[in-house]
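Student: Here's a structure for you.
The values are calculated or read from the model by the stated rules, or taken from the named source; none is laboratory data. Just so we're clear, the structure is a prediction, and the values are computed from it rather than from any experiment. All Cβ positions, glycine included, derive from the backbone under ideal geometry; neighbour counts span all protein chains shown. Quick note on the areas: whole protein, heavy atoms, side chains included, nothing else; ligands and nucleic acids left out. Shrake-Rupley method; radii C 1.70, N 1.55, O 1.52, S 1.80 Å.
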Amino acid sequence: MIEIKDLWYTYPGRSEPTLKGINLTVEKGEFVLLTGPTGCGKSTLLKTLNGIIPHESGGIFSGSVKVKGLETVDSNQMEISKEVGLVFQNPDDQIFSTTVEDEVAFGPENLCFEPKEIDRKIGEALEIVGMADHRLASTNALSGGQKQRICIASMLAMMPEILAMDEPVSQMDPMGTREVLNTVRELNRKLKTTILLVEHRLHELASFVDRIVIMDDGKIIFDQPASKAFDYLEVFYRLGLRIPEPVELCHSLGIKASPLSVKGAIAVLNRENFKENIKDPQNILNVEEIPSIHALDNLSTHVVDNHSIYEIKTPSKPALDNSPIISIQDLWSGYEKNKMVLKGINLEINKGERVAIMGTNGSGKSTLLLHLAAILKPHKGNVKVFGEDTRPKNPYSFAGRVGFVFQNPDLMLFCDSAEEEARFGPVQLKYNDIEERVRESLEAMSILHLKHDHPQALSRGQRLRTAVASVLSINPEIILLDEPTTGQDRVNIEQMMDFFKNNNSTMVFCTHDIEVAMSYATRILVMNEGQIIADGKGKEVIKDVESLRKASLTQPPVVKIANHLGIDAFSVKELVEMLTCRNPEAMKC
């Protein structure tokens, strides 16, 4: 279905090629996960499959890309697009219709389907992605995760033989992710649809795919069946890629197995007497002795019995004062007067807290965040920031004190280089130490080497970190981030979140990544249908299974495994300690 030979590609205006001698074959009916560090060329490779590169992009292209025997560089792009459905990384780059129904209908209409067939395809595609109730909704009123679902539906409605998807679930809640992937897997199995999916969240997707391909610096460096891929953990750790918790747990215990699911891990633990399986108990990892991954030289791995392990952090408790820096009372708000998105929110956040907001797509997370920056104003109730009512305030009145990073970083980037983006805020606020601020913010986001690059020439993950750097350079007292881990590999997630943690700023961030929330938030809020249904420390919230279910969230795999074993553990580190009696008080040997 897909045959790529010696593919090289350089974007216009760049001297360094993004793709460097790619060779890849994908057979009919395969489900392939393509992953790798941020900026390694994954999205660029996908765009060669339907002719966007080089027909629309320009640049220097050499080599061969064949789709069903058609050479893409010589073929009509419309002809190729019938065979390859491409879901973009940023849904706002793909959606152009004003209603959901029109967006999904566009493809089948242009393929000249009969009206009745088009109507049926719309209904089926929206049902598949869980958006049937939003058929007549405005696309502008959708959340980021809902927009991703619509983009997937618009491709499914055309039933292409090849479905290429660029981080299609990066903004979806966990249950929605699982539902969509289960459906895609069914299409793959029953209709033999060939799937090539780019994603950083391989720890969530590994159990769905047949094969894992890893890119680094424009090259394919790894290609293995999913069942065997995690036998080579050193590759994943060296590149800073996330590992499924069941795999990490077994390797931490010295068990030579790589289960991709909770059920598989439990079966391995039941089958193996892991204490006897480890010949020398001293070889069991003492997790506390190992630094976080970004502190290791050149991303080198810490190897124990030929297996690599990294530390899972526990959030430190910040120094708080008693006065809330943010205070919300009975907040009701929406984008239409007769349709409220937020319904009676009451919330106080103290200085120095790191608060994660979690919940299903469309539950009001981003809307709540926008109120904290005075970008949106209450329909009813009040919001106070630094003790000041936001209703009469212009958002600019908080410039320098409140920093906001949007879910879509492209809404924030307008300068000609990453360096200029980081410089813009301090210049407007007339700070004195501008160059130092710029350098430190770019360095903190690991993009100092990209300072002269145009932001729109960067990868999605790099653009997001550029947007974050533009906020960090003003050193705000409150930092608001909407899905800051989207498009990031594990190394960049850790570097970013560690910076916020060590900076002791007050931080409020929306996320679907429950592992990041557990590791870095001092407090987790769970939202559902515009209301806060859970509020507490990570361990307290994770125990509240009913609230998690309502918000389409699930417990992390390691917590489910610990529950099955009757152990109160919330990370791989804790569970390993208890199972190996490194914490005798917690569990008797």
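Student: Among the numbered criteria (1) within 27 Å of Gly334 (Cβ to Cβ); (2) touching a Lys or Arg at 6+ places or on another chain (Cβ under 9 Å); (3) modelled with pLDDT under 90, which single criterion is violated by Thr580?
Tutor: The number of the failed condition is (1).
Student: Hey, among the residues in the range 498-513 that are farther than 17 Å from Gln407 by Cβ and touching a helix residue (DSSP H, G or I) at 6+ places or on another chain (Cβ under 7 Å), which one's most open to solvent (accessible area, probe 1.4 Å)?
Tutor: So the residue we want is Phe499.
Student: Out of everything in the range 13-68 that is more than 26 Å from Glu186 (Cβ to Cβ), in contact with a helix residue (DSSP H, G or I) (Cβ under 6 Å, 6 or more places away or on another chain) and open to solvent by 50 Å² or more (accessible area, probe 1.4 Å), what residue ends up being modelled with the lowest pLDDT?
Tutor: That would be His55.
Student: For Val247, are the conditions met, namely being modelled with pLDDT of 90 or more, open to solvent by less than 10 Å² (accessible area, probe 1.4 Å) and assigned to a helix (DSSP H, G or I)? Break it down stepwise before answering.
Tutor: Values: modelled with pLDDT of 90 or more: yes; open to solvent by less than 10 Å² (accessible area, probe 1.4 Å): yes; assigned to a helix (DSSP H, G or I): yes.
Criteria met by Val247.
Student: Looking only at the range 212-220, decide whether some residue is more than 26 Å from Glu83 (Cβ to Cβ), in contact (Cβ under 8 Å) with a residue 60 or more places away in the chain and open to solvent by less than 10 Å² (accessible area, probe 1.4 Å).
Tutor: no
Student: Just name the residue that is least open to solvent (accessible area, probe 1.4 Å) out of those in the range 194-211 that are within 15 Å of the chain's Cα centre (by Cα) and among the charged types (D, E, K, R).
Tutor: The extreme case among them is Glu199.
Student: Let me ask you something else. Suppose we filter the range 131-150 for residues that are open to solvent by 10 Å² or more (accessible area, probe 1.4 Å) and modelled with pLDDT of 85 or more; how many remain?
Tutor: The total comes to 12.
Student: Now a separate question. Of all residues in the range 151-183, how many are assigned to a helix (DSSP H, G or I) and closer than 19 Å to Ser81 by Cβ?
Tutor: Filtering the range 151-183 for residues assigned to a helix (DSSP H, G or I) gives 151-156, 174-183.
Still in the list and also closer than 19 Å to Ser81 by Cβ: 151-156.
Within the range 151-183, residues that are assigned to a helix (DSSP H, G or I) and closer than 19 Å to Ser81 by Cβ number 6.
Student: Then there is this: Which residue pairs have Cβ atoms under 8 Å apart, sit 6 or more places apart or on different chains, and have a first residue in the range 179-193 that is more than 15 Å from Met131 (Cα to Cα) and open to solvent by 30 Å² or more (accessible area, probe 1.4 Å) and a second that is among the hydrophobic types (A, V, I, L, M, F, W, C) and part of a helix (DSSP H, G or I)?
Tutor: Asn182/Phe208; Arg185/Phe208
Condition check ((1) closer than 24 Å to Asn270 by Cβ; (2) touching a residue at least 60 places away in the same chain (Cβ under 8 Å); (3) open to solvent by less than 70 Å² (accessible area, probe 1.4 Å)) across all residues:
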position	(1), (2), (3)
Thr522	no, yes, yes
Gly538	no, yes, yes
Glu546	no, no, no
Ala551	no, yes, yes
Val559	yes, no, yes
Ala562	yes, no, yes
Ile567	yes, no, yes
